[in-house]
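Colleague: What follows is a single structure, and I will ask about it in a moment.
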């Protein structure tokens, strides 16, 4: 559950999020990061934007891989 006004931390560790520096669309400072839509944006700036605009979808997190669980003996 998310709390209004509290940023949800984004996970942009995948290589697809890194390119040549460009101005962040939110603060104007250079960043190599790109959103899923290709917008240059710092994760912190994107998280703050998401918190300030509840109910709107502009910046999303990468899908989290499922964790492996030990399900018994596998040979």
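The values are calculated or read from the model by the stated rules, or taken from the named source; none is laboratory data. Not measured: the values here are computed from a predicted model. Note that each Cβ is placed from the backbone with ideal geometry, even for glycine, and that neighbours are counted across all protein chains shown.
Colleague: Within the stretch 29-41, can you find the residues that are surrounded by fewer than 19 Cβ atoms within 10 Å (Cβ to Cβ), part of a loop (DSSP other than H, G, I, E, B) and more than 9 Å from the chain's Cα centre (by Cα)?
Modeller: 29, 37, 38, 39
Colleague: With respect to the numbered conditions (1) touching a helix residue (DSSP H, G or I) at 6+ places or on another chain (Cβ under 7 Å); (2) loosely packed, with under 15 Cβ neighbours inside 10 Å; (3) at pLDDT 95 or above, which one is the sole condition not fulfilled by residue 8?
Modeller: Exception for residue 8: condition (3).
Per-residue answers, yes or no, for (1) modelled with pLDDT of 95 or more; (2) touching a strand residue (DSSP E or B) at 6+ places or on another chain (Cβ under 9 Å):
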| residue | (1), (2) |
| --- | --- |
| 2 | no, no |
| 14 | no, no |
| 18 | yes, yes |
| 28 | yes, no |
| 36 | no, no |
| 40 | yes, yes |
| 63 | no, no |
